[in-house]
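S.K.: Before anything else, here's the structure in question.
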Amino acid sequence: MIGRVGLLTLTHTKKLNVMGNALVTQLIDGLNTLVGSGALAIIIKTLPGVKVWSAGYDIHELPPHGQDPLECHEPLRRAVRAMQTCQVPIVIQIEGGVWGGACELVMSADIVVAAAGATISFTPSRLGVPYNPSGIMSFLNSIPLHILKEMFFRAQSVPVERLAQYGVINHVVPAAELEDLAMEIAGDIVKTSPLSNAVFKEQVTSICNALPLNSNEFERIEASRRVVYTSEDYREGVLAIKEKRPPRFRGV
Ligand code: YXS
């Protein structure tokens, strides 16, 4: 902590901060500890100078083929819930590449600041993953629809400079200025009312997640998703990432 600003540094950089149970536990425990210690703003970052901020979901921890990779107890979903339900405003500080599920984690922060040259690569369609409704909500709440669709369908790395034009990223600055900028923003937050901030965030989260799906729609979507995560294409997508080669999808 610096004053009332809590600092949470993701340190699994040798493993590209892949989001498996270990990193997610570090993140959730870290948030709880900082809130418990009286933090009024939290900065999440990784070690400076990294090429990869996070490589996304740990593909070695994906459930076996045929099981929902984004089931509500899986690491990514737990991490996103922790970010959304944390009563303290979270500033996330990114540099390097943010991949796959880590993009949703970043979008779930309250304020996103990035080093020039950082990129966001939203890759479920490269793996054949059927993204899920609450995850899609995280993106719809922060990215304009056509931009989100382009990111999903093309699955390419998008520079933060482009995303900042649409307000997806709050600020882009040279890497050397990133730390100071995040501290400056957090420093402003800690001077404001924590009760007001907490109830504001609670309401924003509730309102942003308030789009209802009726039971028929939900069951239909789950059935459609099941077809995808039991498909041969999904098996091929995960294998291709492990073998570091492009996937060969056949649509079955
Ligand atoms: O060969 P070793 O044993 O050293 O291991 C390599 C990679 O296999 C490993 N690694 C990963 N392990 C688990 N889960 C991952 N997501 C993952 N990514 C990488 O880390 C070691 C170093 O990787 P390497 O040699 O490729 O490093 P690099 O510097 O040349 O390239 C860095 C990346 C990030 C560009 C490259 O590793 C990469 O393309 N990784 C996969 C990124 C990705 O597609 N992530 C999405 C994961 S799936 C996910 O997040 C959700 C399910 S979804 O997509 O639906 O949102």
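S.K.: Any idea which of Met1, Met19 is at pLDDT below 95 and within 30 Å of Lys242 (Cα to Cα)?
M.R.: Met19
S.K.: Might you let me know whether the stretch 88-99 holds any residue that is away from the ligand (no atom under 11 Å from the Cβ), β-branched (Val, Ile, Thr), in contact with a Cys (Cβ under 6 Å, 6 or more places away or on another chain) and not in a helix (DSSP H, G or I)?
M.R.: Checking the stretch 88-99: not a single residue is away from the ligand (no atom under 11 Å from the Cβ), β-branched (Val, Ile, Thr), in contact with a Cys (Cβ under 6 Å, 6 or more places away or on another chain) and not in a helix (DSSP H, G or I).
S.K.: Do you know which residues across the stretch 50-71 are more than 6 Å from the ligand (Cβ to nearest atom) and either touching a Ser or Thr at 6+ places or on another chain (Cβ under 8 Å) or aliphatic (A, V, I, L, M) (or both)?
M.R.: Across the stretch 50-71, the qualifying residues are Val50, Trp53, Ser54, Leu62, His65, Gly66, Leu70.
S.K.: Filter the stretch 229-247 down to residues that are more than 20 Å from His60 (Cβ to Cβ) and touching a helix residue (DSSP H, G or I) at 6+ places or on another chain (Cβ under 6 Å), then give me how many there are.
M.R.: Within the stretch 229-247, residues that are more than 20 Å from His60 (Cβ to Cβ) and touching a helix residue (DSSP H, G or I) at 6+ places or on another chain (Cβ under 6 Å) number 0.
S.K.: Filter the stretch 152-170 down to the residues that are within 17 Å of the chain's Cα centre (by Cα) and not in a helix (DSSP H, G or I) and list them by number.
M.R.: Within the stretch 152-170, Ala155, Gln156, Ser157, Val158, Pro159, Gly167, Val168, Ile169, Asn170 qualify.
S.K.: Same structure again: For the stretch 102-151, which residues satisfy the criterion of being of a type in the set (Phe, Trp, Tyr) and either on the phi > 0 side of the Ramachandran plot or more than 12 Å from the chain's Cα centre (by Cα) (or both)?
M.R.: Result: Tyr131, single match.
S.K.: Now for a separate question. From the set of residues in the stretch 2-24 that are basic (Lys, Arg) and in a helix (DSSP H, G or I), which is nearest to the chain's Cα centre (by Cα)?
M.R.: Lys15
S.K.: Further question on the same structure: Whether any residue in the stretch 4-24 is away from the ligand (no atom under 12 Å from the Cβ), of a type in the set (Gly, Ala, Ser) and over 16 Å from Val106 (Cα atoms) is what I want to check.
M.R.: yes
S.K.: Taking interchain pairs and intrachain pairs at least six residues apart, which have beta carbon atoms under 7 angstrom, with the first residue in the stretch 48-66 and farther than 16 Å from Pro124 by Cβ and the second at pLDDT 95 or above and within 6 Å of the ligand (Cβ to nearest atom)?
M.R.: Short answer, once both residue conditions are applied: Lys51/Gly97; Val52/Leu16; Val52/Gly97; Trp53/Gly97.
S.K.: I've got another one for you. Mind checking whether some residue in the stretch 206-213 is part of a loop (DSSP other than H, G, I, E, B), within 19 Å of Val106 (Cβ to Cβ) and within 16 Å of the ligand (Cβ to nearest atom)?
M.R.: no
S.K.: Name the one entry in Leu70, Leu27, Leu34 that is in a loop (DSSP other than H, G, I, E, B) and buried (at least 19 other Cβ atoms within 10 Å of the Cβ).
M.R.: One residue alone meets the criteria, Leu70.
S.K.: Something else: Only one of (1) within 16 Å of the ligand (Cβ to nearest atom); (2) more than 30 Å from Ser224 (Cβ to Cβ) is not met by Gly38, so which one is it?
M.R.: Failed condition: (1).
S.K.: Which one of these is closer than 27 Å to Val113 by Cα and not charged (D, E, K, R): Ser231, Ser157, Ser215?
M.R.: Ser157
S.K.: Which members of the stretch 105-128 meet the condition of being within 16 Å of the ligand (Cβ to nearest atom) and not β-branched (Val, Ile, Thr)?
M.R.: Leu105, Met107, Ser108, Gly117, Ala118, Ser121, Phe122, Pro124, Ser125, Arg126, Leu127, Gly128
Each row is one residue, and each column tells you yes or no for (1) at pLDDT 95 or above; (2) surrounded by 15 or more Cβ atoms within 10 Å (Cβ to Cβ).
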site: Pro130; (1), (2): yes, yes
site: Gly135; (1), (2): no, yes
site: Gln156; (1), (2): yes, no
site: Val168; (1), (2): yes, yes
site: Ala176; (1), (2): yes, no
site: Ala182; (1), (2): yes, yes
site: Asp188; (1), (2): yes, no
site: Ser196; (1), (2): yes, no
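The values are calculated or read from the model by the stated rules, or taken from the named source; none is laboratory data. Computed from a prediction, not measured in an experiment: that's the story for all the values here. With ideal geometry, Cβ positions are generated from the backbone for all residues, glycine too; neighbour counts draw on all protein chains shown.
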